[in-house]
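Asker: Below you'll find the structure I mean.
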Amino acid sequence: MEAFQEILKRSKNIVAIAGAGLSAGSGIPTFRGAGGLWRKYDAISLATPEAFRSDPSLVWQFYHYRRTIAGQKSPNAAHYALASLSIPSVLKRVAPNAESFTLVTQNIDGLSTRAFREVAQRHSLSERDIDNLTRDTIIEMHGRLFDVLCTDSSCGHREHNTTNPICPALAGTEEITERHHEIDEWPAIAPLDLPRCPKCDALARPGVVWFGEGIQRTYTIDSVVEKADLALVVGTSSTVYPASGYQSIVAESGGNVAVFNIDDDTISSGRHLSFIGKCEDILPTALFGADVPEHPKAVKGDESCT
Ligand code: BJW
Ligand code: ZN
């Protein structure tokens with residue numbers, strides 16, 4: 001902990017690379033661990049563009065289920081700790097030499113952005129500053145669960161839509177998805193009854209990044225990772241490219257890497273600090289020592305899900 005805090009004090013450009021473990025403490029399932037989504041559901045049938053082209057009904061049911069879970073959850077102490085670093089005055093306090101902090105999250109649940117908005121409002125930031133800081137300091141590289149995207153590339157309309165259910169035909173299907181992990185047990189919904197683009201009425205799709213698709217804001221991420229001299233790797237198995245490579249890029253350019261994970265298997269070899277345990281328990285103290293900012297709404301550990 002002391003070594004980490006010394007590193008933090010001299011770091012100039014800090015990047016946090018986050019994965020599903022960041023939201024586990026909020027009760028959102030991870031992908032690969034015990035109870036993970038890819039242990040129950042077949043990723044190739046549900047999280048690829050080919051799957052959506054061949055059966056949009058199945059894919060929409062899976063994402064409706066995920067939207068229903070995420071919509072009921074709240075940020076935890078690890079989300080708030082990272083969110084606080086996006087506030088320039090707080091960053092200066094914990095890392096006096098820091099010129100930048102960026103969170104690159106693989107998570108699509110929107111909890112990091114929600115935590116940041118709450119923290120920023122408590123610091124009395126204007127809505128304009130909140131929007132600018134959100135754009136500059138939080139990158140949701142695998143898209144957003146509550147974004148909806150038109151499938152007609154000549155339209156390309158994307159919008160944020162938190163309505164649940166997003167269309168009447170999906171109402172109640174979350175219970176079938178929860179109970180039946182085999183997709184052949186799920187109902188068939190006609191494409192015309194699935195979400196449609198509000199601009200051109202073409203079929204709409206979830207605004208997330210599936211296997212084989214390019215990630216969001218690649219060039220920005222590359223420049224953030226290339227200049228970083230400290231990477232905080234929080235709750236990711238580091239198995240999915242390109243996020244899996246970011247910590248090595250930082251280490252190879254002489255930067256420091258600190259890993260926060262419940263499992264030491266995910267920690268790659270090489271020079272790094274490791275904090276083994278739940279990030280929602282460890283990260284706030286690692287960053288703020290005895291001065292952890294209060295976050296009255298943070299989810300408590302007993303709601304966690306790994
Ligand atoms: C805790 C905790 C607590 C638990 N505290 N810790 C062959 C070789 C190499 C690469 C490829 C390949 N074939 C294809 C590829 C590329 C592919 C890829 O990497 N596949 C691998 C699986 C092999 N990548 C892509 O396709 C990406 N695009 C791309 O690369 O474009 C160019 C390209 C295309 C094709 C070929 C080559 C290049 C896009 C990836 C999109 C990933 N999409 C998903 C779904 C998004 C939408 C959705 O959510 O449904 O993103 S998959 C899923 O995995 C999701 C996650 O963001 C992502 C990463 O998982 P994450 O977050 O690490 O979760 P877990 O569950 O794996 O780990 C959780 C961790 O938390 C664990 O370590 C726990 O121990 C820990 N933990 N509780 C701290 N409380
Ligand atoms: Zn459209």
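Asker: Taking the condition open to solvent by 70 Å² or more (accessible area, probe 1.4 Å), outside any loop (DSSP other than H, G, I, E, B) and touching a Gly at 6+ places or on another chain (Cβ under 7 Å), does Arg144 pass?
Answerer: Numbers: open to solvent by 70 Å² or more (accessible area, probe 1.4 Å): yes; outside any loop (DSSP other than H, G, I, E, B): yes; touching a Gly at 6+ places or on another chain (Cβ under 7 Å): yes.
The answer is yes for Arg144.
Asker: With the structure loaded, tell me whether Ser238 is at pLDDT 95 or above, outside any strand (DSSP E or B) and open to solvent by 60 Å² or more (accessible area, probe 1.4 Å) or whether it fails that test.
Answerer: Details: at pLDDT 95 or above: yes; outside any strand (DSSP E or B): yes; open to solvent by 60 Å² or more (accessible area, probe 1.4 Å): no.
Answer is no for this residue.
Asker: Turning to a different aspect of this structure: I'd like the full set of residues that are among the polar types (S, T, N, Q) and open to solvent by 40 Å² or more (accessible area, probe 1.4 Å), limited to segment 108-141.
Answerer: Applying the first criterion (among the polar types (S, T, N, Q)) to segment 108-141 yields 112-113, 121, 124, 126, 132, 134, 137.
Within segment 108-141, Gln121, Ser124, Ser126, Asn132 meet the criteria.
Asker: Out of (1) open to solvent by 60 Å² or more (accessible area, probe 1.4 Å); (2) within 23 Å of Arg10 (Cα to Cα); (3) modelled with pLDDT under 95, what's the single condition that is false for Gly270?
Answerer: Single failed check for Gly270: (1).
Asker: Has segment 38-60 got at least one residue that is within 13 Å of ligand 1 (Cβ to nearest atom) and within 25 Å of Pro296 (Cβ to Cβ)?
Answerer: Checked segment 38-60: no residue is within 13 Å of ligand 1 (Cβ to nearest atom) and within 25 Å of Pro296 (Cβ to Cβ).
Asker: A follow-up question, please. Please verify whether Ile262 is open to solvent by less than 60 Å² (accessible area, probe 1.4 Å), away from ligand 2 (no atom under 16 Å from the Cβ) and more than 30 Å from Pro168 (Cα to Cα), treating the condition exactly as stated. Quick ask: steps written out before the conclusion?
Answerer: Values: open to solvent by less than 60 Å² (accessible area, probe 1.4 Å): no; away from ligand 2 (no atom under 16 Å from the Cβ): yes; more than 30 Å from Pro168 (Cα to Cα): yes.
No.
Asker: Further, regarding this structure: Select from segment 161-176 the residues that are more than 16 Å from ligand 2 (Cβ to nearest atom) and surrounded by fewer than 18 Cβ atoms within 10 Å (Cβ to Cβ) and list them in ascending order. Outline the logic, then answer.
Answerer: Going residue by residue through segment 161-176, those that are more than 16 Å from ligand 2 (Cβ to nearest atom) are 162-165, 168-176.
Once the filter is applied, which keeps residues that are more than 16 Å from ligand 2 (Cβ to nearest atom) and surrounded by fewer than 18 Cβ atoms within 10 Å (Cβ to Cβ), segment 161-176 yields Thr162, Thr163, Asn164, Pro165, Pro168, Ala171, Gly172, Glu175, Ile176.
Asker: When segment 161-185 is examined, which residues are found to be part of a loop (DSSP other than H, G, I, E, B) and within 16 Å of ligand 1 (Cβ to nearest atom)?
Answerer: Ile166, His181
Asker: Filter segment 177-211 down to residues that are within 16 Å of ligand 2 (Cβ to nearest atom) and within 13 Å of Phe62 (Cα to Cα) and give me whichever is nearest to the chain's Cα centre (by Cα).
Answerer: Here the answer is Pro206.
Asker: Okay, moving on. In segment 1-51, what residues are within 30 Å of Trp186 (Cα to Cα), open to solvent by 60 Å² or more (accessible area, probe 1.4 Å) and assigned to a loop (DSSP other than H, G, I, E, B)?
Answerer: Matches in segment 1-51: Arg32, Ala34, Asp42.
Asker: Need pairs with beta-carbon distance below 7 Å; first residue in a helix (DSSP H, G or I) and within segment 108-125, second of a type in the set (S, T, N, Q) and within 15 Å of ligand 1 (Cβ to nearest atom); sequence gap 6+ or separate chains.
Answerer: Leu111/Ser23; Leu111/Ser26; Ser112/Thr105
Asker: Looking for something open to solvent by 30 Å² or more (accessible area, probe 1.4 Å) and in a helix (DSSP H, G or I) - is there at least one such residue anywhere in segment 148-160? Step through it out loud before you land on a result.
Answerer: Residues of segment 148-160 open to solvent by 30 Å² or more (accessible area, probe 1.4 Å): 149, 151-160.
Still in the running and in a helix (DSSP H, G or I): none.
No, every residue in segment 148-160 fails to be open to solvent by 30 Å² or more (accessible area, probe 1.4 Å) and in a helix (DSSP H, G or I).
Asker: Of these, Ala20, Ala83, which one is touching an Asp or Glu at 6+ places or on another chain (Cβ under 8 Å), of a type in the set (A, V, I, L, M, F, W, C) and assigned by TED's automatic domain parsing to the domain that holds Tyr241?
Answerer: Ala83
Asker: If you don't mind, there's one more thing I want to ask. Could you tell me whether any residue of segment 243-254 is in contact with a strand residue (DSSP E or B) (Cβ under 8 Å, 6 or more places away or on another chain), farther than 19 Å from Phe4 by Cβ and either at pLDDT 90 or above or of a type in the set (D, E, K, R) (or both)?
Answerer: At the first step, the residues of segment 243-254 found to be in contact with a strand residue (DSSP E or B) (Cβ under 8 Å, 6 or more places away or on another chain) are 243, 246-247, 250-251.
Adding the requirement that they be farther than 19 Å from Phe4 by Cβ leaves 243.
Among the residues that remain, those that are also either at pLDDT 90 or above or of a type in the set (D, E, K, R) (or both) are: 243.
Yes, segment 243-254 has at least one match.
Asker: Take the conditions at pLDDT 95 or above and out of contact with any Ser or Thr (no Cβ under 7 Å at 6 or more places or on another chain) and apply them to Leu111. Does it pass? I'd like the intermediate steps shown before the answer.
Answerer: Details: at pLDDT 95 or above: yes; out of contact with any Ser or Thr (no Cβ under 7 Å at 6 or more places or on another chain): no.
Judged against the criteria, Leu111 is not a match.
Asker: Of all residues in segment 88-107 being in a loop (DSSP other than H, G, I, E, B) and not charged (D, E, K, R), which is surrounded by the most Cβ atoms within 10 Å (Cβ to Cβ)?
Answerer: Let us first name the residues in segment 88-107 that are in a loop (DSSP other than H, G, I, E, B), namely 95-99, 106-107.
Narrowing the set further to residues that are not charged (D, E, K, R) leaves 95-98, 106-107.
Values: Ala95: 22, Pro96: 11, Asn97: 12, Ala98: 21, Gln106: 24, Asn107: 26.
Residue satisfying both the conditions and the ranking: Asn107.
Asker: Gly214 versus (1) touching a residue at least 12 places away in the same chain (Cβ under 8 Å); (2) within 22 Å of the chain's Cα centre (by Cα); (3) part of a loop (DSSP other than H, G, I, E, B); (4) within 16 Å of ligand 1 (Cβ to nearest atom): which is the lone unmet condition?
Answerer: (1)
The values are calculated or read from the model by the stated rules, or taken from the named source; none is laboratory data. Fair warning: this is a prediction, and the values are worked out from it, not measured in the lab. A quick note on method: Cβ atoms are made from the backbone with ideal geometry, for glycine too, and the neighbour counts reach across all protein chains shown. Side chains are part of the model used for accessible areas, which takes the heavy atoms of the whole protein and leaves out ligands, DNA and RNA. Shrake-Rupley method; radii C 1.70, N 1.55, O 1.52, S 1.80 Å.
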